[in-house]
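Have a look at the structure below, then the notes.
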Amino acid sequence: MVDVNVINPFLEAAISTLEMVAQIKLTVGKPFLRENLDFSDENVLTIVGITGAMKGRVIMALPASNAKNVASNMMMGMPVDELNEMALSALSELGNMTMGTAATIFSTKNVLIDITPPMIQHGTVKMETFNSQMICVPMLKDGTDFMEINIILKTNN
């Protein structure tokens, strides 16, 4: 089973980063296990690899309308009507900041991880976990689904 001590730093990082850079306050929904990820073209995925004491991926999934809102907030309210290069770059940087914050939180617990540069995917995406456990944590804004944090990790124990 997935250890909350491994999951919580990612959630803490997402909550603090989105509040700091996009003025969006999130809370944690009810986590569940997934066997695969299927996303329609209405989603934007920010995928960051994890290496070091743990290996795996963290996938931040935002519906396109929420992704536009986040990108707009990150760019000081500039209207974002489409997910163009500038908006996707902002979302990539959000992934980088979030996972960098998670790495810092882990380092305070003497768990050293590195992160890969974020990769952005949008459009229809299907991913398989190949017998790895994937936990999905809905992140809520005002009690409503806003984004998902999908975590696939193996600890090096």
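Read the figures in this text as sums done on the coordinates, not as results from a lab. These numbers come from a predicted model, not from an experiment. Here the Cβ positions follow ideal geometry from the backbone for every residue, glycine too, while neighbour counts run over all protein chains shown.
Points worth noting:
- A Förster radius of 35 Å, combined with the Cβ-Cβ distance separating THR116 from LYS141, puts the computed FRET efficiency at roughly 0.80.
- Sites MET76 and ARG34 - FRET efficiency at Förster radius 30 Å, r taken between beta-carbons, to 0.05: 0.30
- Calculated from backbone phi, Karplus (6.51, -1.76, 1.60) coupling profile of segment 49-62 in Hz, x at Gly/Pro: x, 10, 9, x, 5, 9, 10, x, 9, 10, 10, 8, 10, 10
- Residue-averaged 222 nm ellipticity for the chain, from DSSP H runs of 4+ at -39500 (n - 2.57), nearest 500: -11500 deg cm²/dmol
- Under Karplus coefficients 6.51, -1.76 and 1.60, residue-wise ³J(HN,Hα) of segment 8-20 in Hz, glycine/proline x: 4, x, 5, 5, 4, 5, 5, 4, 5, 5, 5, 5, 6
- Degrees, to the nearest 10: 64-74 long Cα axis against longest axis of the chain: 80
- Extension gain, ALA64 back to GLU42 (0.36 nm per residue minus Cα-Cα distance, nm): 7.4 nm
- FRET efficiency, 1/(1 + (r/R0)^6) with R0 22 Å, evaluated for THR51 and SER16 via beta carbons: 0.45
- Relative packing of peptides 100-106, 71-77 - highest average C-beta neighbours within 10 Å first: 100-106, 71-77
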